[in-house]
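Heads up, the thing below is written out as structure tokens.
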Amino acid sequence: MALTPKGYATHSLQAEEKLNSKRKEKAWLPVIGMKLEISTPFLGVHRPFVGRCCQICTPRSWESLFHKHLLSLGFHNAIRVTEEDTRYRGWLVRRLCHFLAISNWKIPSSSPGDFEKKICHSKRVQDVMLQRVPQARGDSPILSQSPSGWRSEVLQVLSQVQAPISLFLVRLCSWALLKVLTRLFHNVLLHKGQVEMVRKAAQVPDVPLVFLSTHKSCLDGLLLPFLLFSQGLGVPRVTWEYQAFTPPLRALLSQLGGIFLPLEAEHVADRNQGALSRAVLTSYAEELLKSRQHLLIFLEKPFSSAPHLSAPGWDWLALVLGAFQAGAVPDVLLVPVGISYDMAPDVCFGSQVSSARPLSFWSCLLPICRALGQGFGCVRVDFAQPFSLQEYVANNCFRQSCTRKSLEELLLPVVFGKRTSLMDCEKSEEGLLGLRAAVALKAEERILVGRLGLHSLTAGVSCSAVTAVGITSALLLHKHREGVFLSRLMSDFAWLTEEILLRQRDVAFSGQLWALVLHSLTLLRGCVSLHQLSLGDVLVAPQATEPVMRQLSLHGAALLPIFMAEAVGACAINALLVEMLPFLGPTALPADIILSQQELQEKTLVLVQLLPWDFLLLQPCQSAFCYCQDVLDKLIQCGLLVAEEASSERPACDTSRRRFSGELMWKETGEFSDSSDYDEDSGKRCFKISQLDNCFDFFLFLCSLLSPVLRTYERAAAFLAESCCPQPEPAYTEKLQEFLLRKAREDGSFECVNRSMAVSSVRTFKELGVLQELPTPAGPKLYLSESFSLRENQESLKKFIQQFICC
């Protein structure tokens with residue numbers, strides 16, 4: 001029954017002891033009087049090390065800064081501060097240990113004193129001002145000739161970007177944040193080996209660190225700087241959104257290390273408009289990296305149920321790349337960061353945080369005060385292996401790309417029922433092109449930024465540990481939506497934990513199985529109802545309301561990146577079954593249907609091309625065809641597909657060559673082509689769905705994981721008939737969101753009502769040629785393309801997406 005073998009880290013014992021002590025006080029949670037003999041076999045005696053950098057793009061970084069002894073260093077609870085963390089001992093020290101420990105934490109030197117002067121003297125800023133102040137043209141520097149008015153304008157733009165860090169406020173807010181975190185969470189865990197790895201990276205001379213983090217909560221911007229500060233890594237500069245906060249709160253965040261994109265830098269239509277802001281911002285990024293101040297960039301927006309590279313993160317990453325290519329620093333070490341919450345405090349006031357109104361100091365403080373005393377479980381922060389920006393850029397610049405076509409050229413013939421081969425072409429990288437601050441970059445540089453962001457986002461998501469609440473939420477939402485017995489829920493929890501570990505992904509918990517499940521149900525007490533039965537078991541039923549379904553979807557979304565390849569393959573199998581259904585008898589079972597490898601690869605490739613790369617976490621160095629091969633391999637490894645062997649042919653596992661002499665003709669001709677190594681029968685192999693008891697349930701579970709996104713795409717296709725085009729893209733997205741909500745109220749599929757998925761569907765339809773963006777005097781507007789103005793083509797698109805959805 002115990003889930004903790006010898007050598008497996010038991011870092012949540014403190015949380016389990018608190019849970020056991022309060023278990024009798026939970027009147028809504030019945031006591032279970034039955035014995036369970038369920039255990040999960042873990043792999044080895046150490047946790048898997050997740051987050052290794054890409055061996056193809058950064059082979060030298062892959063070999064450095066990592067040693068096997070880092071795996072055995074265990075975990076550290078960052079909010080557990082005692083007198084051992086101070087230089088003093090005694091009763092009074094135990095009372096003031098938080099204050100004394102924070103006062104001893106070291107803060108490296110901040111910005112140099114002439115920071116502002118260097119930005120004003122930068123050639124980029126002077127060139128912009130020479131265009132705006134014609135009378136200042138001459139041989140002498142512009143600073144000595146131009147009036148002080150434009151200098152104050154430069155300093156005004158710089159004040160919108162950053163402010164000097166207040167050391168007093170940093171220590172005061174760190175003390176207050178430590179008090180708040182101890183009331184909100186049981187523990188905040190850091191892997192000691194990962195922290196040691198980051199410390200070694202920070203000691204590389206003249207090379208700054210840039211942390212590229214996922215974004216799971218609005219608390220991340222305060223939590224991550226606090227953790228870095230507590231581990232002796234200094235106070236980083238943190239990127240925030242300018243319009244998300246009121247001026248007083250923005251001023252406070254600036255003094256704590258926050259930096260913002262100025263509003264004028266977002267103008268794209270006119271290059272002259274906002275030129276000074278972009279020049280100041282670019283010079284600021286260069287001087288920031290020169291002074292070796294660490295930078296924290298969030299690659300995605302919070303409240304997103306699927307990975308998606310955000311525009312502000314794209315812009316800051318473009319600035320870092322531009323500073324490196326300008327020679328400001330010899331190299332930059334990039335550190336992807338993954339964050340996992342049992343339950344984020346945003347759940348209590350998510351409607352206020354996600355609203356369009358800017359946040360004020362009191363709108364943030366009051367909900368946090370109301371949340372004090374409530375248990376939000378545990379937090380786990382993971383640092384992936386740092387990699388060199390210089391090495392990444394050098395390897396990507398010399399990489400040859402294959403033939404690329406737009407998504408419209410690739411998929412429109414398939415949508416309209418024309419069979420075309422997609423094996424030899426790749427989707428163009430238009431989806432990786434960002435806007436706003438990188439407007440001055442060339443298309444090649446912008447694609448490079450997109451690739452870099454996608455690599456970093458993939459590494460950050462892959463190193464994020466899976467929480468117990470995420471596993472329980474995924475089971476309740478995708479497998480037991482109508483309710484489940486607690487004994488069955490524990491069995492499925494153990495099964496899913498084993499599947500996660502088999503895929504070399506880490507979990508953010510350890511302990512006894514019953515304690516883990518009850519811990520997750522305790523945190524989800526507002527989402528489930530428990531009914532004790534006369535048989536001694538307990539019925540766990542999720543509530544079918546909109547807030548509950550959205551919350552379960554948000555928690556359970558952490559499992560989709562782990563099973564992404566298998567889910568894509570399962571939906572491709574479902575599409576083949578839908579095609580074969582009219583030709584099958586009424587008694588035919590899915591396990592009796594033979595699936596061709598070539599047809600399965602083609603269906604998988606079509607789905608891979610349809611979904612965005614950042615959603616699939618498809619690394620740019622990996623081709624779509626190789627990804628499809630990986631999908632097929634994983635379906636076979638997990639036991640979902642089995643090879644079908646015909647009696648008249650050799651076994652599928654036989655790799656010996658037929659016509660041995662004919663296969664070796666290349667030695668006589670002297671042509672060293674790969675075609676000689678190609679097996680003619682490899683594309684003719686066939687498979688069947690496994691007939692094991694749990695395989696069909698696993699197939700439905702995998703399809704259900706991907707169904708919210710595909711169903712959103714399907715309803716976005718149905719919305720084309722009701723859309724009132726032309727209209728601006730934000731207005732179109734808002735009306736699509738209302739349409740999704742209306743459909744969800746009809747069938748209860750509230751997990752499909754997510755703004756990030758609606759934005760993703762609009763972006764995909766633009767790449768597919770369904771929607772066209774044309775400039776107008778009032779701004780760009782979306783139009784329905786001529787092809788999809790016809791109702792029949794809209795129905796073809798809807799049916800094309802429906803084939804991948806398992807009802």
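The values are calculated or read from the model by the stated rules, or taken from the named source; none is laboratory data. These numbers were taken from a predicted model, which means no experiment stands behind them. Ideal geometry is used to build each Cβ from the backbone, glycine not excepted, and the neighbour counts take in all protein chains shown.
Criterion first (under 22 Å from Ala572 (Cβ atoms) and either in the same structural domain as Val568 (by TED's automatic domain parsing) or among the basic types (Lys, Arg) (or both)) does Arg755 satisfy it?
no
Test each condition in (1) more than 20 Å from His215 (Cα to Cα); (2) in contact with a strand residue (DSSP E or B) (Cβ under 7 Å, 6 or more places away or on another chain) for Ser464 and report the one that comes out false.
Ser464 satisfies all of (1) more than 20 Å from His215 (Cα to Cα); (2) in contact with a strand residue (DSSP E or B) (Cβ under 7 Å, 6 or more places away or on another chain) except (1).
Do we find a residue being touching a Gly at 6+ places or on another chain (Cβ under 7 Å) and either among the aromatic types (Phe, Trp, Tyr) or modelled with pLDDT under 80 (or both) anywhere in the range 79-94?
no
Of all residues in the range 761-803 being in a helix (DSSP H, G or I) and among the polar types (S, T, N, Q), which is farthest from Cys725 (Cα to Cα)? Walk me through how you get there before you give the answer.
First, the residues of the range 761-803 that are in a helix (DSSP H, G or I): 761-768, 787-789, 791-802.
If we keep only those that are among the polar types (S, T, N, Q) as well, we get 761, 764, 787, 789, 793-794, 796, 802.
Values: Ser761: 16, Thr764: 17, Ser787: 14, Ser789: 10, Asn793: 17, Gln794: 15, Ser796: 20, Gln802: 24 Å.
Result: Gln802.
Within the range 704-748, how many residues are within 20 Å of Pro612 (Cα to Cα) and either surrounded by fewer than 14 Cβ atoms within 10 Å (Cβ to Cβ) or not assigned by TED's automatic domain parsing to the domain that holds Val770 (or both)?
1
Can you report the number of residues in the range 195-241 which are part of a loop (DSSP other than H, G, I, E, B) and hydrophobic (A, V, I, L, M, F, W, C)? Explain how you work it out, then say what you get.
Pass one, the range 195-241, residues part of a loop (DSSP other than H, G, I, E, B): 203-208, 214-219, 231-236, 241.
When the remaining residues are screened for being hydrophobic (A, V, I, L, M, F, W, C), the result is 204, 207, 218-219, 233, 235.
Counting residues in the range 195-241 that are part of a loop (DSSP other than H, G, I, E, B) and hydrophobic (A, V, I, L, M, F, W, C) gives 6.
Please give the number of the condition Ala565 fails out of (1) surrounded by fewer than 17 Cβ atoms within 10 Å (Cβ to Cβ); (2) touching an Asp or Glu at 6+ places or on another chain (Cβ under 7 Å); (3) among the aliphatic types (A, V, I, L, M).
(1)
For a quick check of your reading: which helices (runs of 4 or more DSSP H) sit entirely within the range 380-462 and have at least 1 residues that are within 30 Å of Val161 (Cα to Cα), at pLDDT 80 or above and of a type in the set (Asp, Glu)?
Where helices (runs of 4 or more DSSP H) fall fully within the range 380-462 and carry at least 1 residues being within 30 Å of Val161 (Cα to Cα), at pLDDT 80 or above and of a type in the set (Asp, Glu), they are 389-397, 443-462.
Is it the case that the range 294-312 has a residue that's farther than 20 Å from Gln160 by Cα, over 17 Å from the mean Cα position of the chain (by Cα) and either not in a loop (DSSP other than H, G, I, E, B) or not assigned by TED's automatic domain parsing to the domain that holds Lys216 (or both)?
Filtering the range 294-312 down to residues farther than 20 Å from Gln160 by Cα leaves 299-310.
Checking the rest, the ones that are also over 17 Å from the mean Cα position of the chain (by Cα) come to none.
Within the range 294-312, none of the residues are farther than 20 Å from Gln160 by Cα, over 17 Å from the mean Cα position of the chain (by Cα) and either not in a loop (DSSP other than H, G, I, E, B) or not assigned by TED's automatic domain parsing to the domain that holds Lys216 (or both).
Which residue is farthest from Leu209 (Cα to Cα), if the candidates are limited to the range 288-328 and must be among the polar types (S, T, N, Q) and out of contact with any Leu (no Cβ under 8 Å at 6 or more places or on another chain)?
The initial filter retains those residues of the range 288-328 that are among the polar types (S, T, N, Q), namely 291, 293, 304-305, 310, 325.
The next check asks that each one be out of contact with any Leu (no Cβ under 8 Å at 6 or more places or on another chain); those that pass are 291, 293, 304, 325.
Numbers: Ser291: 11, Gln293: 8, Ser304: 26, Gln325: 16 Å.
That would be Ser304.
Each row is one residue, and each column tells you yes or no for (1) surrounded by 24 or more Cβ atoms within 10 Å (Cβ to Cβ); (2) at pLDDT 85 or above; (3) of a type in the set (Asp, Glu).
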| site | (1), (2), (3) |
| --- | --- |
| Glu286 | no, yes, yes |
| Leu299 | yes, yes, no |
| Ser305 | no, no, no |
| Ala328 | no, yes, no |
| Val337 | yes, yes, no |
| Val353 | no, no, no |
| Pro358 | no, no, no |
| Ser363 | no, no, no |
